[in-house]
Amino acid sequence: MTTIAMGEMEQLRKEADNLKDQITAARKAMQDTTLQEAAASINVVGRVQLKTRKTLRGHLAKIYAMHWSTDSKLCVSASQDGKLIVWDSITTNKVNAIPLKSSWVMTCAYAPSGNLVACGGLDNMCSIYNLKGKDGNVKVMRELAAHTGYLSCCRFLSDSEIITSSGDCTCVLWDIETGTQKTIFAGHQGDCMSLAVSPDFKFFISGACDFTAKLWDIREGTCRQTFGGHESDINAIGFFPNGNAVITGSDDASCKLYDLRADQELITYQDSSIMCGVTSLAPSLSGRLLLAGYDDFNVNIWDTLKAERVGVLAGHDNRVSCIGVSSDGMACCTGSWDSFLKIWN
Amino acid sequence: MSVKMGSSSTSVIQAQKLVDQLRVEATMERFKISLTATDLVRYCQEHKRSDPLITGIAASSNPFKDKKSCVLL
């Protein structure tokens, strides 16, 4: 490096450190109380005991992802047996069994309209399937290719737009019609592992292997906030139902709640007896419960305001890889490496 | 020579991007936790009664619970 460049680097490093200190101080200035104090007068939620109501059998290999349809009845799951299955969770019937070109699938998503599903993985692509094609056959509608790393997660904004996160450290907003990238969200210093869209569809959050979560403005294409604190990869991320907080799950065995308006972590969900990574998470309808899937085959249910464990879902014979609570809050679905999905309530 | 210049200017560009991003994040308007935490608590309390996983679901209104039919012997 030239002497001039070294001088510039040193100056930029000082500016960066200065700004980081400013942010730390600004966050500290908001700490007039804690979430624990604000929830002091509230009792811990009573023990939550959910039962397995349905077991969805049909996949022949590890399930990596699942996503509920907005109708709270249908859901889609992706397995490395090379299939995407759309299930009627009430009858347990398979509505569609879609064979994939690449079996190395890591994520799947259901469009809010119910018309489309998407998936992707080690093929670095996001494939969009039309469930409501004229002749009744489910076909690939679009293959969104541009990422230079695996597809870790995808979420539809509508039938015409989808957001993807990738092992290439970026997230992308795609125009499904033209198959082109509308916006590239760059900034993470590690593989992006998970993303979630805000209830008002204006923002999305991403969790990455750089141990941070970032809040992005979808239309501006900018990163608004960055949250640190985790000591390992963030594998799962979700919005608190009112859109004002974000929950992350990490390989460091903890989940954290970050408040968007105070711009900082408010509470950590961890227990000394839990030593394995969090793979997936979903809040309940009110946000009071956090259901988190772990590498030790269990799902722990946390009281989000008191940070106490109030329940366990034990029923899988292998890692719980994905979890989702239906839109009407009536059921929780877990997917596992044991090849089964279970519906609980 | 040009390769070295290339890599050093890339590092400088990256460092500048980081500084620019930090500047954006530093200037956001933040709100006191007393306000934001209270809102979180209030939201939970207001929606607790309509959260099926907390209140429980009556067997008759649980679409996932198999309904057992009565058999007259």
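Nothing in this text is a laboratory measurement; each read-out follows from the coordinates by a stated rule. For clarity, every value in this text was computed on a predicted model and none was experimentally measured. Cβ: placed from backbone, ideal geometry, glycine included. Neighbour counts: every protein chain shown.
Most exposed first by the Cβ proxy, i.e. fewest other Cβ within 10 Å, how do A:V95, A:V246 rank? Intermediate results must be reported in sequence, preceding the final value.
Details: A:V95 16, A:V246 25.
Fewest-to-most Cβ neighbours within 10 Å comes out as A:V95, A:V246.
Taking every pair of Cα atoms in the stretch A:205-345, average 1/r, invert it to obtain the Kirkwood radius, and report Rg/Rh to two decimals.
On the Cα set of the stretch A:205-345, Rg over Rh gives 0.96.
So how much slack lies between A:K20 and A:E143, counting 0.36 nm per residue of separation and subtracting their Cα-Cα distance, in nm? All intermediate terms of the calculation are to be shown ahead of the outcome.
Details: separation 123, 0.36 × 123 = 44.28 nm, distance 4.01 nm.
Working it through step by step, the gained length comes to 40.3 nm.
What is the diffusion coefficient of the stretch A:226-299 in µm²/s, taking the Kirkwood radius over Cα pairs and the Stokes-Einstein relation at 10 °C with a viscosity of 1.306 mPa s? Walk me through the intermediate numbers first.
Details: Rh = 12.2 Å.
Roughly 130 µm²/s, to the nearest whole number.
If I build a Gaussian network model for chain A, linking alpha-carbon pairs within less than 10 angstrom, which residue out of A:V44, A:V117, A:V197 has the largest mean-square fluctuation?
For chain A, modelled as a Gaussian network with Cα springs under 10 Å, the answer is A:V44.
Which FRET efficiency, nearest 0.05, do A:A40 and A:D271 yield, Cβ-Cβ r, R0 22 Å? List each step's numbers first, then the result.
Numbers: r = 21 Å, r/R0 = 0.94.
Efficiency at R0 = 22 Å is approximately 0.60.
Just the number, please: Stokes-Einstein D of the protein assembly as shown in µm²/s, Kirkwood Rh from C-alpha pairs, 37 °C, 0.692 mPa s. Can you show the working numbers first?
On the way: Rh = 22.3 Å.
In µm²/s, the coefficient rounds to 147.
With +1 assigned to the C-beta of every Lys and Arg and -1 to the C-beta of every Asp and Glu, and no other charges, what is the dipole magnitude of chain A about the Cα centre in debye, to the nearest 20?
Working: 32 positive and 38 negative charges, 251 e Å.
That gives chain A a dipole magnitude of about 1200 debye.
Only helical DSSP H runs with n ≥ 4 go in: add -39500 (n - 2.57) per run for chain A, normalise by residue count and round the 222 nm mean residue ellipticity to 500 deg cm²/dmol.
Numbers: 2 runs with 30 residues, N = 345.
When only DSSP H runs of four or more count, the value is -3000 deg cm²/dmol.
How would you rank B:I13, B:I57, A:I247, going from fewest to most other Cβ atoms within 10 Å of each one's own Cβ?
B:I13, B:I57, A:I247
If every alpha-carbon in the stretch A:188-244 counts as one equal scatterer, what log10 I(q)/I(0) does Debye give at q = 0.12 1/Å?
The calculated log intensity ratios at q = 0.12 Å⁻¹ are -0.24.
In nm, what is the difference between 0.36 nm times the number of residues separating A:L122 and A:T222 and their Cα-Cα distance? List each step's numbers first, then the result.
Numbers: separation 100, 0.36 × 100 = 36.00 nm, distance 2.68 nm.
Stretched out fully, the A:L122 to A:T222 stretch lengthens by 33.3 nm.
Just tell me how shielded A:322-330 is by partners: mean number of partner chain Cβ atoms within 10 Å of each residue's Cβ, no decimals. Please list the in-between numbers first.
Numbers: counts 0, 0, 0, 3, 2, 0, 3, 8, 8.
Mean number of neighbouring Cβ atoms from other chains: 3.
If we count other beta carbons within 10 Å of each Cβ, what is the order of A:F211, A:F201, A:F185, fewest first?
Ranking A:F211, A:F201, A:F185 by Cβ neighbours within 10 Å, fewest first, gives A:F201, A:F211, A:F185.
Give me the percent relative contact order of chain A, please, defined on Cα pairs under 8 angstrom at least 6 residues apart. Write down the numbers at each step before the final one.
On the way: 958 pairs, mean separation 48.2, N = 345.
Computed over chain A, the figure is 14 percent.
Output the pairs from A:K73/A:K134; A:K28/A:K306; A:K54/B:K65 with a Cα-Cα distance over 19 Å in this structure; if there are none, say none. Write down the numbers at each step before the final one.
Details: A:K73/A:K134 23 Å; A:K28/A:K306 22 Å; A:K54/B:K65 8 Å.
Beyond 19 Å: A:K73/A:K134; A:K28/A:K306.
Can you give me the distance in nm between label points at A:D317 and A:E10, each placed 7 Å from the Cα along the Cα-to-Cβ direction?
Between A:D317 and A:E10, the label points sit 6.4 nm apart.
Between A:K202 and A:S160, what is 0.36 nm times their sequence separation minus the Cα-Cα distance? Round to one decimal in nm. Provide the component values of the computation, followed by the final result.
Working: separation 42, 0.36 × 42 = 15.12 nm, distance 1.54 nm.
Stretched out fully, the A:K202 to A:S160 stretch lengthens by 13.6 nm.
Suppose R0 equals 41 Å. What FRET efficiency, 1/(1 + (r/R0)^6) with r the Cβ-Cβ distance, do A:A29 and A:T91 give to the nearest 0.05?
On the way: r = 55 Å, r/R0 = 1.34.
Calculated transfer efficiency: 0.15.
R0 = 22 Å: FRET efficiency of B:D39 with B:S61, Cβ-based, nearest 0.05?
On the way: r = 31 Å, r/R0 = 1.40.
Plugging the Cβ-Cβ distance into 1/(1 + (r/R0)^6) gives 0.10.
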